[in-house]
Ligand SMILES: Nc1nc2c(ncn2[C@@H]2O[C@H](COP(=O)(O)OP(=O)(O)O)[C@@H](O)[C@H]2O)c(=O)[nH]1
Ligand SMILES: [Mg+2]
């Protein structure tokens, strides 16, 4: 974009980020989270050079073993000498900035490793919503030159579906815990999964979960289209690390499949870009009109009408909107 104006200081930050400077990265994410307007031009510049790092999302119910599994995946990527970023998003947690406590303990050995960047975000990370904050953080991480970016998020509601919209490959984690599969069907998780992992394979009911999942996922696959990706189901035991190599292979296969099917890949990227753009547009509209609504000359009159029960909130809102 030709109208992008960057100060020398902005340029320095961009250079530091493209060199993979973890400290500069952490600082920039914090600035983006605090809705600092001055980072927008940096984010713009980074976005326009980005799109090079595969993003892998892992979601599943609380306690399914996402962090334990993430830890195992990191270990394997590190063994190949690859630099990895992990973004742990917990929509239900009030904490942000540092790592989510349990995860920090679990991924502790990676904290001293400069090849691993771990960051966590929570519902309070930004006013504009977690999905927008995740998008900006991923723009920054993408520019850092990591081999892979992993997003771990708790599968508790609509939020993680939005977060998963940023991933090129989505891993859905299930466990033999009662009702997990049913819950996931309800939450629409089965539709967004590219790879399924049944973790805690040491527990007796694991095979039953695999069977249930296989049936649930089968209807999604178009048997007439040989190019259609068939989501694999992998059994893991993430404390011991059993099945993690297979899971890693399944993820890498899916990423490769995307590369080999550019039309499918572009469709996915376009859907994701569409959702991100619409998010920002509606957020912009909300901010703009919410602030001007109160300044409308009929606003206080509408409040009076509400209090005196001459009007109702719906009608009052329409009247205020009509004046904007
Ligand atoms: N039995 C068993 N326990 C596991 C397995 N994977 C993780 N856990 C345990 O499940 C608990 C929750 O794991 P965690 O990774 O924090 O789950 P998260 O909430 O999905 O991130 C921990 O106590 C883990 O040790 C597994 O494969 N088998
Ligand atoms: Mg966790």
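Some points to look at:
- Residue match in segment 210-217 (condition: in contact with a strand residue (DSSP E or B) (Cβ under 9 Å, 6 or more places away or on another chain) and within 15 Å of ligand 1 (Cβ to nearest atom)): yes
- Residue check, residue 258 within 26 Å of the chain's Cα centre (by Cα) and closer than 30 Å to residue 201 by Cβ: yes
- Residue match in segment 151-172 (condition: more than 16 Å from ligand 2 (Cβ to nearest atom), at pLDDT 80 or above, within 19 Å of residue 199 (Cα to Cα) and touching a helix residue (DSSP H, G or I) at 6+ places or on another chain (Cβ under 8 Å)): yes
- Residues that are surrounded by fewer than 17 Cβ atoms within 10 Å (Cβ to Cβ) and within 16 Å of ligand 1 (Cβ to nearest atom) within segment 31-64 comprise 62, 63, listed in sequence order.
- One residue stands out among those in segment 240-273 that are under 22 Å from residue 64 (Cβ atoms) and in contact with a helix residue (DSSP H, G or I) (Cβ under 6 Å, 6 or more places away or on another chain): the one that is surrounded by the fewest Cβ atoms within 10 Å (Cβ to Cβ), which is 241.
- For first residues located in segment 52-69 and touching a residue at least 60 places away in the same chain (Cβ under 8 Å) and within 17 Å of residue 209 (Cα to Cα), partners that are part of a helix (DSSP H, G or I) and within 6 Å of ligand 1 (Cβ to nearest atom) and lie 6+ apart or on another chain with Cβ distances below 6 Å form the pairs 60/66.
- Test: residue in segment 56-74 that is more than 20 Å from the chain's Cα centre (by Cα) and farther than 19 Å from residue 184 by Cβ: no
- Whichever residue in segment 298-310 is surrounded by 10 or more Cβ atoms within 10 Å (Cβ to Cβ) and in a loop (DSSP other than H, G, I, E, B) and, among such residues, is modelled with the highest pLDDT: 310
- Considering only residues in segment 65-107 that are at positive phi and away from ligand 1 (no atom under 14 Å from the Cβ), the one that is modelled with the highest pLDDT turns out to be 81.
- Under the condition of being surrounded by 15 or more Cβ atoms within 10 Å (Cβ to Cβ) and modelled with pLDDT of 85 or more, the residues counted in segment 281-297 number 0.
The values are calculated or read from the model by the stated rules, or taken from the named source; none is laboratory data. Predicted model, so just to flag it, every value in this text is computed and none were measured. Glycine also receives a Cβ, built like all others from the backbone with ideal geometry; neighbour counts cover every protein chain displayed.
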